[in-house]
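Q: Take a look at the following structure, please.
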Amino acid sequence: MQSIEMQEADNLLVLSFVDRKITDQQRITQIDADLQYATGLAADGRVLVDFSGLSFMSSAMIGALLRFQKKCDGESINVKFCNIGNDIEEVFRTMKLKKIFSIHKTREQAVKAYEKKGWFG
């Protein structure tokens, strides 16, 4: 069963989670593999991970997201996260992951952020 929906939109690869809750280790392993695979599909070097619909994820899922971010950084892929629910955002804030991930409230804000150039763009 597919764990992530992948589509091209706004000249970037958009990834969306299929599940509302991610807690099962086997499912996290599948998502991890799908995220790693998705890096090869980012033709323009831009990936947007849309969290809408995802209400909960276990702490093990954070490891998969960190591995994904690290691989993207190594391949010069610009990754942004959007539509993160309050509970997941609180975990990101508590773990200081907002310093690692580029997080935007809405998909529109994330897409607009790709258009900015440099510090003052």
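The values are calculated or read from the model by the stated rules, or taken from the named source; none is laboratory data. Predicted model, so just to flag it, every value in this text is computed and none were measured. Cβ: placed from backbone, ideal geometry, glycine included. Neighbour counts: every protein chain shown.
Q: Residue by residue through segment 41-52, note down the ones that are under 15 Å from the mean Cα position of the chain (by Cα) and either at negative phi or crowded, with 19+ Cβ neighbours inside 10 Å (or both).
A: Within segment 41-52, LEU41, ALA42, ARG46, VAL47, LEU48, VAL49, ASP50, PHE51, SER52 meet the criteria.
Q: Determine the pairs where a residue that is under 18 Å from ALA60 (Cβ atoms), located within segment 76-92, has a partner that is of a type in the set (Lys, Arg) and outside any helix (DSSP H, G or I) with Cβ atoms under 9 Å apart, the partner being 6 or more residues away or on another chain.
A: What qualifies is ILE84/LYS105.
Q: From the list GLN109, GLN69, GLN36, pick out the single residue that is in contact (Cβ under 8 Å) with a residue 12 or more places away in the chain, out of contact with any Leu (no Cβ under 6 Å at 6 or more places or on another chain) and crowded, with 19+ Cβ neighbours inside 10 Å.
A: GLN69
Q: Being of a type in the set (S, T, N, Q), farther than 17 Å from ALA64 by Cα and modelled with pLDDT of 95 or more is the requirement here; does SER102 meet it?
A: no
Q: If you don't mind, another one. Quick check on segment 40-91: of everything there that is among the aromatic types (Phe, Trp, Tyr) and in contact with a strand residue (DSSP E or B) (Cβ under 7 Å, 6 or more places away or on another chain), which residue is nearest to ILE28 (Cα to Cα)? Lay out the reasoning, then the answer.
A: To start, the set of residues in segment 40-91 that are among the aromatic types (Phe, Trp, Tyr) comprises 51, 56, 68, 81.
From what's left, in contact with a strand residue (DSSP E or B) (Cβ under 7 Å, 6 or more places away or on another chain): 51, 56, 81.
Values: PHE51: 15, PHE56: 12, PHE81: 18 Å.
Step by step, filter segment 40-91, then rank; the result is PHE56.
Q: Could you tell me whether any residue of segment 114-121 is of a type in the set (Gly, Ala, Ser), outside any helix (DSSP H, G or I), exposed (fewer than 13 other Cβ atoms within 10 Å of the Cβ) and on the phi < 0 side of the Ramachandran plot?
A: yes
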